Amino acid sequence: MNEYPTARDVARLAWARTTLADVAITLQRASTDAGFRSYWRTCGHVSSPAGASMIVMDSPPDKEDVRPWLRIRDLLERGGVRVPHVLARDIDNGFLLLEDLGPDTYLHVLHSDNADALFDDAITQLLRIQATPVPDGMPVYDEALLLREVRLFDEWFLGKHLALVLDVRDYELLERVHRVLIDAALAQPQVFVHRDFMPRNLMPAADGPAVLDFQDAVKGPIAYDPLCLFKDAFVSWPQDRVDAWLDGYHARAAEAGLPVPPLERFRRDVDLIGVHRHLKVIGIFARLHHRDAKPKYLQDVPRFFAYLDDVLPKYPELAPLAELIATRVKPAIKEYGHWTESTGDDSTR
């Protein structure tokens with residue numbers, strides 16, 4: 001904890017000691033969340049066998065209500081998805097005691113030799129997520145949300161970060177591309193979407209991987225989560241491996257009875273929802289820099305332009321975006337200068 005504990009630090013430690021009936025416990029920072037949540041590993045147990053640690057999730061009620069996280073967690077667990085086990089809860093004060101899944105996520109342990117096996121296990125969990133019935137009242141990836149997200153690129157990266165001044169024609173062309181992307185997303189079969197199903201939100205576990213960071217789940221396009229898994233924000237793979245993994249997902253999803261379209265259409269759906277997400281994430285990383293004083297994520301922006309470079313030439317209807325990037329955006333990036341260091345622990349939602 002901090003050298004000078006805050007009232008929240010004191011309350012968190014007191015709750016952990018009371019809940020575990022162990023006054024010797026201390027807490028060490030395990031990780032932070034994209035929002036206001038933080039995670040703390042218990043240390044110094046007296047009675048715990050072999051000093052087994054646990055995780056305290058701290059979700060301050062006035063900033064980040066823990067109920068949505070619990071609601072989605074419980075829903076996914078009923079669907080057979082491996083999610084963190086909750087050992088104790090104090091909803092009113094925003095404290096949860098969770099199993100300790102260790103310090104490493106998929107992002108830390110994935111490499112070329114084990115990727116096939118680890119991604120196969122990840123797809124098992126993804127199929128269970130997508131088969132989970134969408135409850136009444138769950139948010140929907142509707143036109144308003146899709147448009148708001150894709151405009152993050154226009155507002156935060158083009159406008160704020162690069163200070164590009166677009167004319168009326170530029171905006172009309174961008175709006176035309178937005179329309180293509182949104183129509184394609186809305187035309188996809190709609191399922192339970194995690195919305196950030198990527199390696200850093202998967203934890204190695206014997207019966208897993210365990211899935212994290214699911215509280216912002218929505219009903220949305222079936223290709224969204226597979227795209228997130230294989231076109232990650234923080235690690236890139238050769239396109240032939242990505243294609244093979246996507247084809248493997250498609251075969252397993254069809255076998256499981258999920259509403260995947262024919263393979264050729266699915267590949268197009270992946271490409272187009274990918275363009276939408278890549279633009280959104282570029283915008284979010286620029287926003288993290290300018291609004292939240294977190295410049296490190298800009299280092300991964302070139303990864304998303306590489307993803308776009310691979311896809312945009314395949315679709316004539318996206319030519320206006322390709323032209324804008326080639327003639328206005330990339331020259332401005334070159335003029336702007338180098339990218340800053342990235343460690344990648346904030347949300348891409």
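The values are calculated or read from the model by the stated rules, or taken from the named source; none is laboratory data. If you're wondering where the values come from, they're calculated on a predicted model, not measured in any experiment. As a convention, Cβ positions derive from the backbone with ideal geometry for all residues, glycine included, and neighbour counts pool all protein chains shown.
Looking at ASP136, ASP120, ASP196, which is the one that is out of contact with any Pro (no Cβ under 6 Å at 6 or more places or on another chain) and under 30 Å from ALA326 (Cα atoms)? Write out each step before concluding.
Details: ASP136 fails: under 30 Å from ALA326 (Cα atoms); ASP120 fails: under 30 Å from ALA326 (Cα atoms).
So the residue among ASP136, ASP120, ASP196 that is out of contact with any Pro (no Cβ under 6 Å at 6 or more places or on another chain) and under 30 Å from ALA326 (Cα atoms) is ASP196.
Starting from the range 139-150, keep only residues that are in the same structural domain as LEU279 (by TED's automatic domain parsing), then list their pairs with residues that are of a type in the set (D, E, K, R) and at pLDDT below 95 whose Cβ atoms are within a distance under 9 Å, requiring at least 6 positions of separation or different chains.
Within 9 Å, the pairs are PRO139/ASP216; GLU149/ARG349.
Is it true that ARG252 is in contact (Cβ under 8 Å) with a residue 24 or more places away in the chain, touching a Leu at 6+ places or on another chain (Cβ under 8 Å), part of a helix (DSSP H, G or I) and farther than 22 Å from TYR141 by Cβ? Full working, then the answer.
Numbers: in contact (Cβ under 8 Å) with a residue 24 or more places away in the chain: yes; touching a Leu at 6+ places or on another chain (Cβ under 8 Å): yes; part of a helix (DSSP H, G or I): yes; farther than 22 Å from TYR141 by Cβ: yes.
Against the criterion (in contact (Cβ under 8 Å) with a residue 24 or more places away in the chain, touching a Leu at 6+ places or on another chain (Cβ under 8 Å), part of a helix (DSSP H, G or I) and farther than 22 Å from TYR141 by Cβ), ARG252 qualifies.
Applying the selection to the range 293-315, what residues are crowded, with 17+ Cβ neighbours inside 10 Å, part of a helix (DSSP H, G or I) and of a type outside the set (Phe, Trp, Tyr)?
Initially, the range 293-315 is screened for residues crowded, with 17+ Cβ neighbours inside 10 Å, giving 294, 296-301, 303-304, 307-308, 311-312, 315.
Then drop every residue that is not part of a helix (DSSP H, G or I), which leaves 296-301, 303-304, 307-308, 311-312.
Within the range 293-315, LYS296, LEU298, GLN299, ASP300, VAL301, ARG303, LEU308, VAL311, LEU312 qualify.
What's the number of the condition LYS219 fails, among (1) at pLDDT 95 or above; (2) among the charged types (D, E, K, R); (3) in contact with an Asp or Glu (Cβ under 8 Å, 6 or more places away or on another chain)?
Failing condition for LYS219: (3).
So which residues in the range 172-209 are assigned to a strand (DSSP E or B) and more than 22 Å from VAL134 (Cα to Cα), if there are any at all? Give the derivation first.
Filtering the range 172-209 down to residues assigned to a strand (DSSP E or B) leaves 190-193, 202-203.
Hit for the range 172-209 is MET203, nothing else.
Which pairs do you get when a residue that is surrounded by fewer than 23 Cβ atoms within 10 Å (Cβ to Cβ), found in the range 260-273, comes within reach of a residue that is not aliphatic (A, V, I, L, M), reach meaning Cβ atoms under 6 angstrom, with the pair 6+ apart or on two chains?
Pairs that qualify, where the first residue is surrounded by fewer than 23 Cβ atoms within 10 Å (Cβ to Cβ) and the partner is not aliphatic (A, V, I, L, M), are LEU263/HIS250; PHE266/HIS250.
THR132 is checked against (1) over 28 Å from GLY283 (Cβ atoms); (2) surrounded by fewer than 17 Cβ atoms within 10 Å (Cβ to Cβ); (3) under 20 Å from the mean Cα position of the chain (by Cα); (4) at pLDDT 95 or above and fails just one. What number does that condition carry?
All conditions pass for THR132, except number (2).
If you check GLN190, GLN239, which single one turns out to be surrounded by 14 or more Cβ atoms within 10 Å (Cβ to Cβ) and of a type in the set (S, T, N, Q)? Talk me through it step by step, then tell me what you get.
Details: GLN239 fails: surrounded by 14 or more Cβ atoms within 10 Å (Cβ to Cβ).
Criteria check complete, one pass: GLN190.
Touching a Phe, Trp or Tyr at 6+ places or on another chain (Cβ under 8 Å) and modelled with pLDDT under 95: does that describe GLN190?
Details: touching a Phe, Trp or Tyr at 6+ places or on another chain (Cβ under 8 Å): yes; modelled with pLDDT under 95: no.
No, not satisfied.
Assuming ALA34 fulfils every condition listed in (1) outside any loop (DSSP other than H, G, I, E, B); (2) within 19 Å of the chain's Cα centre (by Cα); (3) modelled with pLDDT under 95 apart from one, which condition is it?
Of the numbered conditions (1) outside any loop (DSSP other than H, G, I, E, B); (2) within 19 Å of the chain's Cα centre (by Cα); (3) modelled with pLDDT under 95, the odd one out for ALA34 is (1).
Restricting attention to the range 222-232, which residues are modelled with pLDDT of 95 or more and assigned to a loop (DSSP other than H, G, I, E, B)? Walk me through it before giving the result.
Residues of the range 222-232 that are modelled with pLDDT of 95 or more, as a first pass: 222-231.
Across the range 222-232, the qualifying residues are ILE222, ALA223, LYS231.
Of PRO60, PRO103, which residue is surrounded by fewer than 19 Cβ atoms within 10 Å (Cβ to Cβ) and within 21 Å of MET198 (Cβ to Cβ)? So that I can check it myself, show each step before the final result.
Details: PRO60 fails: within 21 Å of MET198 (Cβ to Cβ).
Going through PRO60, PRO103 in turn, just one is surrounded by fewer than 19 Cβ atoms within 10 Å (Cβ to Cβ) and within 21 Å of MET198 (Cβ to Cβ): PRO103.
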